[in-house]
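Comments concern the structure below.
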Amino acid sequence: MSYLSLKDIIKIYPNGFHAVHNFNLDVEKGEFIVFVGPSGCGKSTTLRMIAGLENISKGDLFINDVRANDKGPREREIAMVFQSYALYPQMSVYDNLAFGLTLQGVDEDVIEERVLKTAKILGLTDYLDRKPRALSGGQRQRVAVGRAIIRKVGVFLMDEPLSNLDAKQRVTMRSEITQIHRETGATTIYVTHDQTEAMTMADRIVVMKDGYIQQIGTPYDLYFKPVNMFVAGFIGEPPMNLLRTKLEGSCVTIGTNKLDLTKIIDAATLKKYDGKELVFGFRPEAVKLENEENNDPSYEISCTSELTELLGDNTNVYVNIEGVQAILKIDPHDTPETDIDIKFYIPYKNVYLFDKESEEVIPTQFSVK
Ligand code: ATP
């Protein structure tokens with residue numbers, strides 16, 4: 001069995017609100033799992049149920065093969081890092097790090113050795129005498145992480161640990177936490193609403209919406225093989241263009257562009273969806289401004305370039321396809337002028353189709369397997 005296992009976990013709050021529905025997940029020892037999703041989707045609730053801070057309404061939680069539903073937080077061999085850091089303001093960094101071990105009655109010598117080692121991993125050696133108020137946000141965050149890793153528990157739970165940091169510190173701490181995970185090999189569950197954090201840190205990501213798991217997969221899977229429109233729109237920045245259209249005969253129309261779907265889906269699928277509304281998806285970065293028909297067969301789209309944003313490493317071009325808006329992410333050297341007619345090309349292999357009603361993906365012949 002996996003190291004951490006959630007079987008059909010359900011959370012219904014006392015006021016009757018159903019916050020988590022049939023949550024199933026098996027986590028292997030040493031994995032870094034990220035729960036991601038918009039505010040209110042049930043990420044923290046699920047994390048708190050694992051921590052024992054919230055009771056489980058239904059279902060089973062196993063930690064290291066032992067059912068843990070009825071165990072208290074302290075018995076679960078889990079350490080949690082909160083968004084608020086929860087440091088003791090009157091204690092030095094050394095004492096904040098040592099506190100949990102002191103409570104457990106660990107020998108002073110052992111405590112000192114572990115505090116010094118943890119401080120070294122986290123670059124806090126020079127700050128051990130300071131109080132939290134004399135630290136930067138990033139340093140406080142490191143102390144909070146240090147307090148968790150010093151305990152050498154089985155599972156680390158982190159709830160939006162970087163949300164109080166500025167953008168630059170977040171990027172630094174992101175890679176530091178990944179590095180610490182590599183060094184400690186600790187099984188980690190990390191909650192965030194930031195898809196970039198999820199993509200850069202996770203071994204596997206759990207995408208949630210309205211209390212339901214939408215998809216579980218590696219960052220690669222979620223980016224290239226989204227199972228539905230929600231995941232397709234949530235992962236990736238700017239988000240995937242999702243354009244509503246209708247299948248008529250074998251074609252869909254985007255603006256005035258007629259696109260022949262026989263190029264990418266088989267006859268049976270075409271028949272199944274004939275006359276139905278579809279959503280035509282493509283990532284902003286998956287287009288070309290030059291037609292490379294010979295080595296990369298593509299759909300050609302005529303549109304007007306309305307606004308361009310030069311971001312340095314790329315340009316976002318906001319285009320209007322006869323009333324339909326889309327974003328293209330292109331090489332900055334190819335930035336077009338605004339208010340002119342342009343053409344762009346979507347390689348067949350970069351097209352995603354979705355059933356408008358169920359919002360589920362319709363595999364094409366080019367779908368990444
Ligand atoms: P955020 O990113 O905003 O923290 P989240 O995905 O972590 O969101 P949760 O905090 O798990 O979401 O909340 C899930 C849902 O449960 C929300 O709609 C929230 O309002 C609701 N909820 C949370 N705590 C309670 C409670 N004690 N009683 C009733 N409903 C609650």
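Just for strands (runs of 3 or more DSSP E) wholly inside region 153-271: which have at least 2 residues that are in the same structural domain as Leu122 (by TED's automatic domain parsing) and more than 29 Å from Ser305 (Cα to Cα)?
Working: elements: 155-159, 187-192, 204-209, 212-217, 241-246, 251-254, 257-260.
Result: 155-159, 187-192, 204-209, 212-217.
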I'd like to check something: does region 21-28 contain any residue that is among the polar types (S, T, N, Q) and closer than 17 Å to Val191 by Cα?
yes
For a quick check of your reading: which strands (runs of 3 or more DSSP E) sit entirely within region 298-364 and have at least 3 residues that are of a type in the set (Ser, Thr, Tyr)?
298-310
Filtering region 30-72 down to residues that are within 16 Å of the ligand (Cβ to nearest atom) and among the basic types (Lys, Arg), which residue is nearest to Met208 (Cα to Cα)?
Lys43
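Restricted to region 295-335, and to residues that are aliphatic (A, V, I, L, M) and in contact with a Phe, Trp or Tyr (Cβ under 9 Å, 6 or more places away or on another chain), which residue is surrounded by the fewest Cβ atoms within 10 Å (Cβ to Cβ)? Steps first, answer last, please.
Just the residues of region 295-335 that are aliphatic (A, V, I, L, M), to begin with: 301, 307, 310-311, 317, 319, 321, 324, 326-328, 330.
Right, trim to in contact with a Phe, Trp or Tyr (Cβ under 9 Å, 6 or more places away or on another chain) and you get 301, 307, 317, 319, 326-328, 330.
On the way: Ile301: 23, Leu307: 12, Val317: 26, Val319: 24, Ala326: 24, Ile327: 18, Leu328: 29, Ile330: 19.
Selected residue: Leu307.
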Between residues in region 152-163 that are in contact (Cβ under 8 Å) with a residue 12 or more places away in the chain and residues that are among the acidic types (Asp, Glu), which pairs lie under 6 Å by C-beta distance while being six or more apart or on different chains?
Val153/Glu77; Gly154/Glu77
Qualifying position, being over 30 Å from Gly236 (Cα atoms) and among the β-branched types (Val, Ile, Thr), among Ile63, Ile33
Ile63
Let me confirm something: among Asp95, Asp26, Asp8, which residue is closer than 30 Å to Glu176 by Cβ, part of a strand (DSSP E or B) and more than 12 Å from the ligand (Cβ to nearest atom)?
Asp26
I'm trying to understand the selection: among the residues of region 251-294, which are in contact with a helix residue (DSSP H, G or I) (Cβ under 7 Å, 6 or more places away or on another chain) and either buried (at least 16 other Cβ atoms within 10 Å of the Cβ) or of a type in the set (A, V, I, L, M, F, W, C) (or both)?
Cys251, Val252, Leu261, Ile264, Leu270, Val279, Gly281, Phe282, Arg283, Ala286, Leu289
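This table checks each residue for (1) among the hydroxyl-bearing types (Ser, Thr, Tyr); (2) closer than 17 Å to Ser5 by Cβ; (3) out of contact with any helix residue (DSSP H, G or I) (no Cβ under 6 Å at 6 or more places or on another chain).
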site	(1), (2), (3)
Glu54	no, no, no
Asn64	no, yes, yes
Val106	no, no, yes
Val110	no, no, yes
Asp129	no, no, yes
With (1) surrounded by fewer than 13 Cβ atoms within 10 Å (Cβ to Cβ); (2) of a type in the set (Asp, Glu); (3) in contact with a Phe, Trp or Tyr (Cβ under 9 Å, 6 or more places away or on another chain); (4) not in a strand (DSSP E or B) as the list, and Asp109 as the residue in question, which single condition is left unmet?
(3)
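Can you tell me which residue among Met173, Met91, Met158 is at pLDDT 85 or above and under 22 Å from the mean Cα position of the chain (by Cα)?
On the way: Met173 fails: at pLDDT 85 or above; Met91 fails: under 22 Å from the mean Cα position of the chain (by Cα).
Exactly one residue qualifies, and that residue is Met158.
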Among the numbered criteria (1) within 12 Å of the ligand (Cβ to nearest atom); (2) surrounded by fewer than 19 Cβ atoms within 10 Å (Cβ to Cβ), which single criterion is violated by Pro89?
(1)
All but one of (1) in contact with a helix residue (DSSP H, G or I) (Cβ under 7 Å, 6 or more places away or on another chain); (2) more than 7 Å from the ligand (Cβ to nearest atom); (3) small (Gly, Ala, Ser) hold for Ser2; state the number of the condition that does not hold.
(1)
Which count do you get for residues in region 127-152 that are more than 21 Å from Lys168 (Cβ to Cβ) and over 30 Å from the mean Cα position of the chain (by Cα)?
5
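Condition check ((1) under 19 Å from Tyr88 (Cβ atoms); (2) surrounded by 15 or more Cβ atoms within 10 Å (Cβ to Cβ)) across all residues:
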| site | (1), (2) |
| --- | --- |
| Gln139 | yes, yes |
| Val145 | yes, yes |
| Gln169 | no, yes |
| Thr172 | no, no |
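The values are calculated or read from the model by the stated rules, or taken from the named source; none is laboratory data. Everything numeric here is computed off the predicted structure, so don't read it as measured data. As a convention, Cβ positions derive from the backbone with ideal geometry for all residues, glycine included, and neighbour counts pool all protein chains shown.
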